[in-house]
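The values are calculated or read from the model by the stated rules, or taken from the named source; none is laboratory data. From a predicted model like this one, the values you see are computed outputs, not experimental measurements. Here Cβ is always computed from backbone atoms with ideal geometry, including for glycine, and neighbour counts include all displayed protein chains.
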């Protein structure tokens, strides 16, 4: 459950925000010039890579989702946080997969930067993949730093 619940939450939040903002259709500043809503149709992958590669991206997303499910089953049940982080990544992959299937492009809208120095526009699914990935890496790096318990006897 620690795997599927975060995934489901990400997919729902991602799809709801995309639909609401697409229907509103306006671009506006949330926090001055630093955080803006800018609607973008992205027919590629992150940072606009692989433009026009819809079928490749759909197949890649399905394969990645299956691998994430398999990986989650290999993580011991007591390592709940790691399973939750994989769930964030899965939710992000599925959220963008839904868009690639219909309407055929990913809707991005979070625009962060200063003046003309902007990060590529992204969405909730992209943020979940990034945050889940960073947390997963940090959790594995911390577990390697912990000393092995000494067993007497």
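If the condition is being out of contact with any strand residue (DSSP E or B) (no Cβ under 6 Å at 6 or more places or on another chain), surrounded by 12 or more Cβ atoms within 10 Å (Cβ to Cβ) and under 17 Å from residue 106 (Cα atoms), then the stretch 25-46 contributes 41, 43, 44, 45, 46.
Of all residues in the stretch 67-77, how many are at pLDDT 90 or above and loosely packed, with under 12 Cβ neighbours inside 10 Å?
Taking the stretch 67-77 first, the residues at pLDDT 90 or above are 67-76.
Keeping just the survivors that are loosely packed, with under 12 Cβ neighbours inside 10 Å gives 70, 73-74, 76.
Residues flagged as at pLDDT 90 or above and loosely packed, with under 12 Cβ neighbours inside 10 Å within the stretch 67-77 amount to 4.
So in the stretch 9-24, with the set limited to residues that are out of contact with any helix residue (DSSP H, G or I) (no Cβ under 8 Å at 6 or more places or on another chain) and surrounded by 13 or more Cβ atoms within 10 Å (Cβ to Cβ), which one is farthest from residue 108 (Cα to Cα)? Within the stretch 9-24, the match that is farthest from residue 108 (Cα to Cα) is 12. Taking every residue in the stretch 33-46 that is closer than 19 Å to residue 60 by Cα and pairing it with any residue that is part of a loop (DSSP other than H, G, I, E, B) and at pLDDT 95 or above, at least 6 positions away or on another chain, yields no pair with a Cβ-Cβ distance below 8 Å. Residue pairs whose Cβ atoms lie under 8 Å apart, sitting 6 or more positions apart in sequence or on different chains, and linking a residue in the stretch 105-127 that is over 12 Å from residue 35 (Cα atoms) to a partner that is in a loop (DSSP other than H, G, I, E, B) and at pLDDT below 95, are 105/43; 106/43; 108/120; 108/121. Determine if the stretch 47-62 includes at least one residue that is modelled with pLDDT of 90 or more, within 14 Å of residue 122 (Cα to Cα) and surrounded by 13 or more Cβ atoms within 10 Å (Cβ to Cβ). Checked against the condition, which is being modelled with pLDDT of 90 or more, within 14 Å of residue 122 (Cα to Cα) and surrounded by 13 or more Cβ atoms within 10 Å (Cβ to Cβ), the stretch 47-62 yields no hits at all.
When the stretch 109-153 is limited to residues that are assigned to a loop (DSSP other than H, G, I, E, B) and at pLDDT 90 or above, the one that is farthest from residue 40 (Cα to Cα) turns out to be 116.
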